[in-house]
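**Q** First the structure, then my questions, so here it is.
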Amino acid sequence: MNLTGMALPEGGAILAEQGMFGLTGMPELIVRFGINLAVMLILVRWLYYTTTRRKDYLFTYLLISSVVFLLCYMLESVTLQIGFALGLFAIFGIIRYRTNPMPIKEMTYLFLVIGISVINALTTGSGWMEIVFANAVIVLIAFGLEKVWLLRHLSSKAIIYEKINLIVPEKYSELIADLQERTGITDIRKVEIGAINFLKDTCRMIIYYEERGRSVNLADQYGYIKPDDNDDE
């Protein structure tokens, strides 16, 4: 008999006896998923998004976390070896190499999102306090790095510069002054000189500066300028 009092087929009766239609596991699933979602909101929505303002990664992290958690939790009855975890990270590694280059910080958050979801889904032999402790430790470490130690972030901007007479070490102060005047960026911390084209008297450089506020300028997050079609190199 099912919940409505109707007789179940023989196969359905066997499944019912095995607990396939039972709701005994739902409370634990809801609690674990709630903990995982709460940790993701703190880690991704508060710590990560308030710094970078990247909605695309916010969308990605939350969905990946939910899917990985449900995938691991629903396969809990299957014998999971270390190969399953390695295969899971390999899948996302392949996805990463099939897309545009991903900054190291975003890759780190992706690893945290997957790792926390796996912990919350598969730690069935641990107590609730251990699960909460593991999540809290990760969140506190990320908070310390994002909000305390790395309170002021350095942004970067790639530039094609034509005054190559100023790129020599002896004229570094003049180079900084010229860049500050022409870009309007007053707090340039470092300049890296890249490829030099003596035929066109130009060079590629990256300037590092402190962005006002807490956000990070990601316009040149890959740290280079793609060669122009007319660049004779």
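We did not get these values from a lab; they are worked out from the coordinates using the rules stated. Every value quoted in this text rests on a predicted model; they were computed, and no experiment measured them. All Cβ positions, glycine included, derive from the backbone under ideal geometry; neighbour counts span all protein chains shown.
**Q** In nanometres, what is the gap between the two model label sites at V148 and E174, each 7 Å from Cα along Cα-to-Cβ?
**A** Computed distance between label sites V148 and E174 equals 4.6 nm.
**Q** Taking a temperature of 10 °C and a viscosity of 1.306 mPa s, what whole-number D in µm²/s does Stokes-Einstein yield for the range 122-199 with Rh from Kirkwood over alpha carbon pairs?
**A** 94
**Q** Return the long-range amide H neighbours of A195 (sequence gap of 5 or more, or a different chain), with a cut-off of under 5 Å between placed amide H atoms.
**A** R204
**Q** Figure the gain on full extension for F198 and L41 (residue separation times 0.36 nm, minus the Cα-Cα span) and round it to one decimal in nm.
**A** 51.4 nm
**Q** Between their Cα atoms, which of K105/K171; K105/K163; K55/K147; K55/K163 are more than 26 Å away from each other?
**A** K105/K171; K105/K163; K55/K163
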